[in-house]
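Q: What follows is a single structure, and I will ask about it in a moment.
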Amino acid sequence: MALLIVKFEDSVLQRVSINGGSVTIGRGPDNSIPIDNLAVSNHHAEIKSEDGHLVIQDLGSLNGTFVNNQRVKQSALKHGDVVLIGKHSIHVDEKSRGEAPVAVNRPSGNLSGGVKEAPKVDETFILDTAKRRKMMQEIAAAGERSQITPSRVRVATLVRVKGQIEKAEYQLTGKLTVIGKSEMATVRLRGWFKPKMAAQINRRDDGYYLGRGDRVPKINGKPIWSPTLLSDGDLIEVCGVELRFTIPE
Amino acid sequence: MKMEASVASVVRELFHLNAKQMQWDVAACTDTGRVRPMNEDSYRISAEQNLFVLSDGLGGAAKGEVASAMAVESVVASMQNDSAAMPGEFVSRPELTKETNLLVRAVESANRQIHEQGMREPACRGMGATIVAAHICGRRLSLVHVGDSRAYLFRAGTLQQLTSDHSLVAEQVRHGLMSHQQAAVSELQSVLTRALGTEQSVEVDAAEIELFPRDSLLLCSDGLTRMVPENEIAEILVQAPGVGIAAERLVNRANECGGHDNITVVVIRIKKSLQEWFATFFPWCGANLV
């Protein structure tokens, strides 16, 4: 029985035992060793156990499979070999006996309950600036070659359509944009009975969310009771003011 | 209109309503969780300075608890020493107020201290910590952070995240390389891209937000946010009658969900001010008062 130890940097992500049969590695969730990284192809490589010998085969991956830093199509594996796939490494351990390997467990497509998943890298560690830059570049480059196009972090703009407000355009650079009468509000409303904080826009990692304040705003005519992700071209209506939300593609 | 303003100023004088500092209640709670052997989180509340600081020592690195304690102590001390600074002094980001600039500076200096200690003492080599610090000045909240400890604002029934994690997965989400859902199950959630103490200098994120009465502010370590979904956090904040109970319930919930990491929360609730009460009863002059 051999043990495959999947690592990222120095952290062990997974231990998988291979005892006859095969193990597949790739970005898709159907792999026995899934790796969440765009540098990894959907079905990247396969390790088979044939008559007690381990063999790795590249399944036509974009960025290649490396055994001890040599790019391979197919190669036999022995104890101590290191397979490099994207930024992850798989260490081959054929000597381990007593240690019970952790079974391959994986949330199967059920992403909604994901928050409660135990983190796989248990210990927090930090990438230094240089390493991080390199990794982000590699991820971005891999994205360019794959279907997903990486984009720069985008800044949205609110454009006045109707209503009494100071400016014709507002850049949403802050984490929280307040629409209201308050002195510090980004979009300042005028008028006697306008609330100090009518509505608010929260900039999060995945986009801008419009939420209610003292009023319930509308997106494209529909009232918004809970925070709602804004998309390009949406019309926001609150307190008699209409604003067009635009975000560069 | 002119008349209205002068009536307002007379009323303000009469009822001593000029105090502009927001009044708040605060409570904090910390727990080791169910898996880790020790608690490496630290927090400090300095009521007289209106300052709240939370730090998560990095478990992978040696002496995480030393780093997080140094981080919070150092920020509180710097804010105390520098508060007498002249306007314009220490201002490196002119778009932000003096208070926010001081807070950024305090975090930068904490980073240097932890880094130097790490270089000096072999036992502390490579230690690091995250930080999130909030300072309330008048109606303005200054917020700074490094790492994956977060600040949330709970207002008008919605929970809004005021910080962006400095982690590899969050950066990928921001660049559109990964979805929110993918990030939540990624194995690489613990890989940070910024932290205190690991390098000689650190880039500090800063934000300024206007506070309103009845806002709640939550500072927390990732032991809470990785375990408890945001809708449950919001529910606890709505239902808890006071900040103490809210803090306790958040920590208990994180433990019920597994308690994989140390959990620390600081809950701050902005009180309804005298002006607000006044405005409720006399809306015609109240609107100009606050």
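What follows is calculated from the coordinates using simple rules that are stated; it is not laboratory data. In this text, all values refer to a predicted model and were calculated from it rather than measured experimentally. Glycine gets a Cβ as well: all are built from the backbone with ideal geometry, and neighbour counts include every protein chain shown.
Q: Can you give the convex hull volume of the alpha carbon atoms of region A:164-208 per residue, in Å³? Could the numbers behind the result be given before it?
A: On the way: hull volume 3.0 nm³, N = 45.
Once divided by residue count, the hull of region A:164-208 is 67 Å³.
Q: A follow-up question, please. Pick from B:28, B:77, B:170: which residue has the top mean-square fluctuation in a GNM of chain B where Cα pairs under 10 Å get a spring?
A: Result: B:77 has the largest fluctuation of those listed.
Q: Region B:136-290: D in µm²/s via Stokes-Einstein (Kirkwood Rh, Cα pairs, 25 °C, 0.890 mPa s)?
A: Values: Rh = 17.3 Å.
Value of D from the Cα-based Kirkwood radius: 142 µm²/s.
Q: Okay, which of region B:126-169 sit inside 13 Å, backbone N to the point 7 Å along the Cα-Cβ direction of residue B:49?
A: Residues passing the 13 Å test: B:133-136.
Q: Let me ask another. Please work out the C-alpha center-to-center distance from region A:43-79 to region A:175-238 and express it in whole Å.
A: Each part's Cα centre sits 54 Å from the other's.
Q: I'd like the orientation of helix B:98-120 relative to chain B: the angle between its Cα long axis and the longest Cα principal axis, in ° from 0 to 90, rounded to 10.
A: Taking the Cα atoms of chain B, the angle to B:98-120 is about 20 degrees.
Q: How large are Rg and Dmax for region B:22-174 when calculated on the C-alpha trace, in angstrom?
A: Taking only Cα atoms of region B:22-174, I get Rg and Dmax of 16.0, 49 Å.
Q: Label point 7 Å out from residue B:201 along Cα-to-Cβ: which residues of region B:116-143 have amide N under 17 Å?
A: Residues B:116 fall inside that zone.
Q: Along Cα→Cβ, 7 Å out, is where each label goes; now give me the distance between the ones at residue A:229 and residue A:161 in nm to one decimal.
A: The modelled label-to-label distance comes out at 2.1 nm.
Q: Once Rh for region A:1-78 is found with the Kirkwood sum over Cα pairs, what is the Stokes-Einstein diffusion coefficient at 37 °C and 0.692 mPa s, in µm²/s?
A: Translational D for this selection: 257 µm²/s.
Q: Loop-only GluC sites (Glu not before Pro) in region B:84-139, please: DSSP not H, G, I, E or B, and at most 14 other Cβ atoms within 10 Å. Mind showing how you got there, number by number?
A: On the way: sites: B:89, B:95, B:99, B:108, B:116; in loops: B:89, B:95.
The qualifying sites are B:89, B:95.
Q: What do you get for the angle between helix B:243-256 and the principal long axis of chain B? Use alpha-carbon atoms, 0 to 90 degrees, nearest ten.
A: Value to nearest ten degrees: 30.
Q: Take the alpha carbon atoms of region B:34-282, find their radius of gyration, then divide it by 2.2 N^0.38 Å using N residues; give the quotient. It would help to have the intermediate numbers written out before the result.
A: Working: Rg = 18.1 Å, N = 249, 2.2 N^0.38 = 17.9 Å.
Cα-based Rg divided by the globular estimate yields 1.01.
Q: Taking the simple approach of a point 7 Å from Cα along Cα-to-Cβ for both residue B:26 and residue A:68, what is their distance in nm?
A: That separation, rounded to one decimal, is 5.9 nm.
Q: Sticking with this structure for a sec: At what distance in nm do the modelled label points of residue A:50 and residue A:169 sit from each other, each positioned 7 Å from its Cα along Cα→Cβ?
A: Once both label points are built, they end up 6.3 nm from each other.
Q: Note down, for region A:199-249, the three equivalent ellipsoid semi-axes (square root of 5 times each alpha carbon gyration tensor eigenvalue), biggest first, whole angstrom. Please report the intermediate quantities before stating the final value.
A: Values: eigenvalues 56, 34, 14 Å².
Semi-axes (√(5λ), whole Å): 17, 13, 8.
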